Amino acid sequence: MVPDALSITGELVANALRASERLETIKVHVGLGAGEVVLGVWDGCAARPAPRRVELSLETLDLREENFDDNGGWGLSIVDALAVRSWVEETRPRGKWVCAALKAVGAC
Ligand SMILES: Nc1ncnc2c1ncn2[C@@H]1O[C@H](COP(=O)(O)OP(=O)(O)OP(=O)(O)O)[C@@H](O)[C@H]1O
Ligand SMILES: [Mg+2]
């Protein structure tokens, strides 16, 4: 579960940083819900995540050198594959939490 939580958090943080202005604050939340671990990353950007639903297979991963680290569009698909659910909570006066829940270890 911890590797999944780290992967999800890494993808959400990377997105929040890309969506934010330079020197903007982002926030990371890790909480325990009813049988689940809730991960959330806040940023102040008005735009919402736009999942591309790419097919996660080695065939769709373009490993050519000129595409190194430029296989964009996998992040939210990875989050969806690892999480039991994901959602966005708008905050006032601006920003949003992008959240994902994982089943807690030992929970049914
Ligand atoms: N926190 C966010 N705020 C605003 N837009 C977002 C946020 N997270 C994701 N998005 C939008 O959703 C798109 C899809 O995100 P996703 O993480 O799936 O792919 P990516 O970030 O473009 O590429 P990758 O994660 O593979 O490097 C992004 O390109 C961006 O336009
Ligand atoms: Mg991303």
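The values are calculated or read from the model by the stated rules, or taken from the named source; none is laboratory data. What you see is a predicted model; the values in this text were computed from it and never measured. Here Cβ is always computed from backbone atoms with ideal geometry, including for glycine, and neighbour counts include all displayed protein chains. The area values use the complete protein model at the heavy-atom level, side chains included, leaving out ligands, DNA and RNA. Shrake-Rupley method; radii C 1.70, N 1.55, O 1.52, S 1.80 Å.
Considering only residues that are under 22 Å from Val105 (Cβ atoms) and outside any loop (DSSP other than H, G, I, E, B), which ones fall in the stretch 17-44?
Val28, His29, Val30, Gly31, Leu32, Glu36, Val37, Val38, Leu39, Gly40, Val41
Pairs needed: first member in the stretch 45-73, at negative phi; second member anywhere, assigned to a loop (DSSP other than H, G, I, E, B) and among the charged types (D, E, K, R); C-beta distance under 6 Å; at least 6 residues apart or different chains.
What qualifies is Asn71/Asp62.
List the pairs whose first member sits in the stretch 3-16 and is touching a residue at least 60 places away in the same chain (Cβ under 8 Å), whose second member is open to solvent by 40 Å² or more (accessible area, probe 1.4 Å) and near ligand 2 (Cβ under 9 Å from one of its atoms), and whose Cβ atoms are under 9 Å apart, counting only residues at least 6 apart or on separate chains?
That search, which allows pairs on different chains as well, returns Ser7/Ile78; Ile8/Ile78; Glu11/Trp74; Glu11/Ile78; Leu12/Pro49; Asn15/Pro49.
Would you tally the residues in the stretch 1-46 being at pLDDT 95 or above and open to solvent by 90 Å² or more (accessible area, probe 1.4 Å)?
Looking only at that region, the number is 6.
Take the stretch 67-108 and flag every residue that is surrounded by 11 or more Cβ atoms within 10 Å (Cβ to Cβ) and among the charged types (D, E, K, R).
Asp80, Arg85, Glu89, Lys96, Lys103
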